[in-house]
Structures are given as C-alpha cells and as structure tokens.
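The values are calculated or read from the model by the stated rules, or taken from the named source; none is laboratory data. As the structure is a prediction and not an experimental result, all values here were calculated from the model. Note that we place each Cβ from the backbone using ideal geometry, even for glycine, and neighbour counts take in every protein chain shown.
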Amino acid sequence: MRFIRIAAIGISVVAGALGAIALTPGTGTAKSAPTGSESEAAANAFLESLTPQLRKEASFPIGAPERTEWYFVPRERVGVSLLKLSDSQSELLGPLLASALSPEGLLEARGVLKHENILRRVETEVGVDATRRDPGLYYTSVFGRPHSAAPWSWRFEGHHLSLNVTLAGARAPMVGPVFIGANPARVLTGPQAGYRLLAAEEDLGRELVASLPEERRRVALIRDTAFVDIVTGNDPKVRPLELEGLAAADMSAAEQQQLRRLIELYVGRLTSPSAKDALMRLDRAGFGKVRFAWAGGLESGQKHYYRVHGPTLLIEYDNTQNDANHIHTVYRDLDHDFGGDALRKHLSKK
C-alpha cells in the first residue's frame, strides 16, 4: 500500500504543474509565459502552506552553501520531501515547476518520477534492495525570500532530476543546472516494455554523428570509448573544458540544422522567456563556435557519450551504465548557472 500511495503523491506534483499551463489549441505552447512574479507567488503560496517546522526545513539564506550543492544520485538531501507533504501542499508545487519548465520539460520531469517505480520493480525482480527507489524522495528547497526586491532561488531535486532556478529582478528565471536521467533508458520488461524516457536525446545525437561524412566524423569523435559518466559531474561551477569536437562553422547547413535541433531539445525544457534568452545569448556569442563531440560506439546498444559545448552553454549526455541502458543528461548555462554573473551584478548593486 505504501508503494502505491507514494506513487500517487509523487506524480501529483507534476500533474498539478501540467494543469497550471493553459495551452493554445494545436500549438503545444503556453498562452502566456510564466514570469518572475509568478514564480514568486507560487513559491510564497507553497511556503505559506507548510507548518512552521516544514517551512524551516525548506528555507535557507540565499548565501547558504547548500544552494550550489546539487546531486543526481539517490542520497539524503536538504529541503522538504514529497513524503512530508499533503496532497494539497504538493499540488502547490505545480505552478512553481511550471514557472521554470515548458510543457515538454514538465512531461520529462513527470517521467523521471514515474520511472522510480519502474526501476524499483526491475531491481526487486533481480533481488536488489530497491527501497531507495521512491517517487516520494524528491525535495524542494527555497533560498532567500521570494520577492522581486532581492535575488532568491529554488530547487526541486531527487534521483535523476535536479532543477535549479534563480531569480533576480525583472529578468526571466535563470534555469540551470538542469539534470534529467533515465534508468532503464529503454524499459525491457513489464507493462511499460519498450518505453524510452529520453528517446529524442539519444536519437538526435546519434543521427547527427551518423550524418557526418567520414572526414568530419573523425573530428567529432574524440574518444573510442565513452566517458563513464557526465564529465563535469555535479560541479557547482563548470570547470574549464577543452573545446573538442567538430565546430558548427565547419558543418554543412543540414548538419548545423541538426545540431540546432539538438540544442533546442535541451533548451526547450525551459519556459519560453528563459529559452529565448539562452538562444539569443548563444547566437550573439557565435553559433559557429559551438562544438559537437562524440565518444564511444555509434550503434544503438553500444556505450556512448556526446557533448555540445559553446561559449554560453554545455550539454552533456552519456549512456554507459547498465549495459548502455542508463542515460544521464545535463544542461549547464555557462553564464547563468545558479544565477551566475547576473546574480553577482545584482548583489553588487546592494
């Protein structure tokens, strides 16, 4: 019974978020894009719904070290878990998530929570203690006071999902890092057999490297074997990485278009204002400077990794664990992760 109840609680939070967005028929886009004021209202409504003890667990100063300590593995976390919330309290997280994620991003987040039940079943069937696989073990933390007069941020995080959002002044929410993973990447057994949570992330990357003629593919292939995981891990600030792989400037028009589709897949997880801002900064810095790098096998089922690295963003993807059936993806905004330069400029004016 506990397993079924927790599943309902975990899914309800993102179901509420999906319901919070009014879609224009036939477009799949929101009628009006969420703003910082909507994030503020949603965060305050959630905090006000909590008991004093839970509010204390959820709240941290904006300068707390916990703000940049993010993780994507099962572990103890700060904040308030879904297990501690009533249905009405968890539903109040819906508008908060919708203030940072697009409908597509919300669907992927919902899929991650649901995947915990799939992984629990898979591991239990092979005799593994799977009690840590629980869609109730996702935590919400708020850093600073949600108010337009001062910077603040929030995080929603659990196994294979980390959403970090910073707000400063009237600008669009600054979203990053964003981590989304899937294990199993392809469900092999049970009623969900054949389901792939991050299918487009895998397929578009492989289509791009497969489309390259041999000469350009040799430049894109930076290793014969895949990296064992996301290279930058859970670094609070992305450490300098060598720009490796094939530059967009050296691609054909069709290859550049495919690279653009791949980037827009990741940026498209964000709400329209945040996505437009990210793409505008990318183009201003020079799309031709973006590099695509691949490591590992080229065929489906082989361990593989790819990276999209440019002046303003870093995307990493790997599928190496569990016989290449376990995907990790991360989107890093090199300007605005955890608020970045914009947050520092805002604070310097105080």
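For the stretch 147-168, taking the residues that are in contact with a Pro (Cβ under 6 Å, 6 or more places away or on another chain) and not in a strand (DSSP E or B), the one that is farthest from L82 (Cα to Cα) is identified as A168.
Scanning the stretch 142-161 for residues that are surrounded by 22 or more Cβ atoms within 10 Å (Cβ to Cβ) and polar (S, T, N, Q) returns a single hit, S153. Looking at L106, L92, L97, L101, just one residue is assigned by TED's automatic domain parsing to the domain that holds N164, touching a Phe, Trp or Tyr at 6+ places or on another chain (Cβ under 6 Å) and over 21 Å from Q321 (Cβ atoms), and that residue is L92. Only one of the numbered conditions (1) touching a residue at least 40 places away in the same chain (Cβ under 8 Å); (2) under 23 Å from R196 (Cβ atoms); (3) in a helix (DSSP H, G or I); (4) among the acidic types (D, E) is violated by D323, and that is (1). L246 meets the conditions (1) over 27 Å from S102 (Cβ atoms); (2) crowded, with 18+ Cβ neighbours inside 10 Å; (3) touching a residue at least 60 places away in the same chain (Cβ under 8 Å) in every case but one. The failed one is (3).
Kindly indicate whether E125 is in contact with a Lys or Arg (Cβ under 9 Å, 6 or more places away or on another chain), farther than 20 Å from E40 by Cα and of a type outside the set (S, T, N, Q).
Values: in contact with a Lys or Arg (Cβ under 9 Å, 6 or more places away or on another chain): no; farther than 20 Å from E40 by Cα: yes; of a type outside the set (S, T, N, Q): yes.
Spelling it out, it is not the case that E125 is in contact with a Lys or Arg (Cβ under 9 Å, 6 or more places away or on another chain), farther than 20 Å from E40 by Cα and of a type outside the set (S, T, N, Q).
From the list H309, H336, the one residue that fits, being touching a Gly at 6+ places or on another chain (Cβ under 7 Å) and touching a residue at least 60 places away in the same chain (Cβ under 8 Å), is H336. Here E316 clears all of (1) acidic (D, E); (2) in contact with a strand residue (DSSP E or B) (Cβ under 6 Å, 6 or more places away or on another chain); (3) over 21 Å from E202 (Cα atoms) except the condition numbered (3).
Over 21 Å from the mean Cα position of the chain (by Cα) and under 25 Å from D335 (Cβ atoms) - does that describe any residue in the stretch 192-213?
Here is the first cut: in the stretch 192-213, the ones over 21 Å from the mean Cα position of the chain (by Cα) are 192-194, 207-213.
Then drop every residue that is not under 25 Å from D335 (Cβ atoms), which leaves 208.
Yes, because at least one residue in the stretch 192-213 is over 21 Å from the mean Cα position of the chain (by Cα) and under 25 Å from D335 (Cβ atoms).
For the stretch 311-320, name all the residues that are among the hydroxyl-bearing types (S, T, Y) and either under 14 Å from the mean Cα position of the chain (by Cα) or in a strand (DSSP E or B) (or both). Matches in the stretch 311-320: Y317 only. Residues of the stretch 270-319 that are surrounded by 24 or more Cβ atoms within 10 Å (Cβ to Cβ), within 22 Å of G339 (Cβ to Cβ) and of a type in the set (D, E, K, R): E316 alone. Annotation: A324 fulfils all but one of (1) aliphatic (A, V, I, L, M); (2) on the phi < 0 side of the Ramachandran plot; (3) surrounded by fewer than 23 Cβ atoms within 10 Å (Cβ to Cβ); the unmet one is (2). Of the residues making up the stretch 181-207, just one is touching a strand residue (DSSP E or B) at 6+ places or on another chain (Cβ under 6 Å), basic (K, R) and in contact (Cβ under 8 Å) with a residue 24 or more places away in the chain, namely R186. One residue stands out among those in the stretch 40-63 that are under 17 Å from E76 (Cα atoms) and small (G, A, S): the one that is surrounded by the most Cβ atoms within 10 Å (Cβ to Cβ), which is A58.
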